[in-house]
Amino acid sequence: MALFGFIGVGNMGSSVLKASYKTFGHDNIIYFDQSKERCLDIKSSLNISPEKDNISLVNKSRYIILVVKPQYISNVLDEIKGHVKPDHIIISMVAGVSINAIKKALGNDIRVVRAMPNTPALILKGATGISFSLDSYSEDERALIDRFFSSFGEYEIFDEDLMNAVTCACGSSPAYVYTFIEALADSVVSLGIPRDKAYLLVAQTVMGAASMVLASNEHPGVLKDQVCSPAGTTIAAIKALEENGFRNAIMKATDACYNRANEMTLQSQTDK
């Protein structure tokens, strides 16, 4: 029996599967996806053939990783219910779908770990929030789950009522960063810097600044102040950002993201 069975191997599912492959080995990974093209990609890159269907996958794995789009989760749960047993552990990476919704579909005795990763998991630099169902997990199970999530980045554990906020913190926010990189690069291209060099300078700066936050343990405001010389260029730029509502725009984006995540969670709880 394999340790991990992946239902869904799109961009996120395939990246997590490949990270797990490096950590746990060929014999501990199985998968299934409705897309033959996605299955062919995994088969050609890792020499692992797909299972014939989701039921076969459930019967052959201990940890079932759900990495499908929210609109498909109800059908998947309907398909595998009755085959998932109490010794299975479900790891759900489906946005907005609560632990209770999965238990309602599969049975209250089924253990569920809800997770919200982000796309930098594709390069093993992911940030993931996870929440455990209020069930019993052995030390060995906790240790294996730790190895699994650590294989593609960093993770933190939260109470489930914070998971939609985690979506704002790391799930959706890479898109904000990409938008910032694009906007800043466009602005310096208008000043004459070639586009390829603009993207390199800006992206490296974002990566370096983020690394400074993590490595220094300084408050981001302190690091910002260290760049802002009196009457200098940076404080002039910060003043312009404040005048144009930069912080408020980020907070409004978070509000919109959080409200939509709550809507999706509510919908998952009312689905059959």
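The P(r) of the range 85-195 has a tail past 21 Å containing 46 percent of all C-alpha pairs. For the range 77-129, with equal point scatterers placed on the C-alpha atoms only and solvent neglected, what are the log10 I(q)/I(0) values from the Debye formula at q = 0.17, 0.28, 0.30, 0.31 1/Å, to two decimals? Log10 of I(q)/I(0), two decimals: -0.57, -1.04, -1.15, -1.20. With a ≥ b ≥ c taken as the square roots of the eigenvalues of the C-alpha gyration tensor of the range 2-163, please select rounded if a/c is under 1.5 and otherwise prolate if a/b is larger than b/c or oblate if it is not? Rounded. Among 186, 159, 33, determine the one that fluctuates most according to a GNM of the chain built with springs between C-alpha atoms less than 10 Å apart. Between 186, 159, 33, it is 186 that shows the largest mean-square fluctuation. Label-to-label distance, residue 176 versus residue 203, with points set 7 angstrom from Cα along the beta-carbon direction: 2.1 nm.
Using the Cβ-Cβ distance between residue 154 and residue 269 with R0 set to 25 Å, the FRET efficiency from 1/(1 + (r/R0)^6) comes to roughly 0.30. Using C-alpha pairs below 8 Å separated by at least 6 residues, the relative contact order for the range 173-261 is 13 percent. The orientation-averaged projection of the convex hull spanning the C-alpha atoms of the chain amounts to 16.7 square nanometres.
With a sphere of radius 10 Å drawn around the Cβ of residue 50, what net charge do the other residues whose Cβ falls strictly inside it have (Lys, Arg +1; Asp, Glu -1)? Don't skip to the end; give the middle numbers.
Numbers: positive: 36, 38, 43, 52; negative: 33, 51, 53.
So the surrounding residues net to +1.
DSSP loop (so not H, G, I, E, B), at most 16 other Cβ within 10 Å: list which trypsin sites (Lys or Arg not before Pro) in the range 97-143 pass both filters. Answer by residue number: 125.
Between 143, 240, 261, the Gaussian network model of the chain with springs among Cα atoms under 10 angstrom shows the greatest mean-square fluctuation at 240.
Applying 0.36 nm per residue to the separation of residue 216 and residue 189 and subtracting their alpha-carbon distance, the gain on full extension is 6.6 nm.
Only the coordinates and a few stated rules stand behind these numbers; no lab work does. As the structure is a computational prediction, the values presented were derived from the model and not from experiment. Ideal geometry is used to build each Cβ from the backbone, glycine not excepted, and the neighbour counts take in all protein chains shown.
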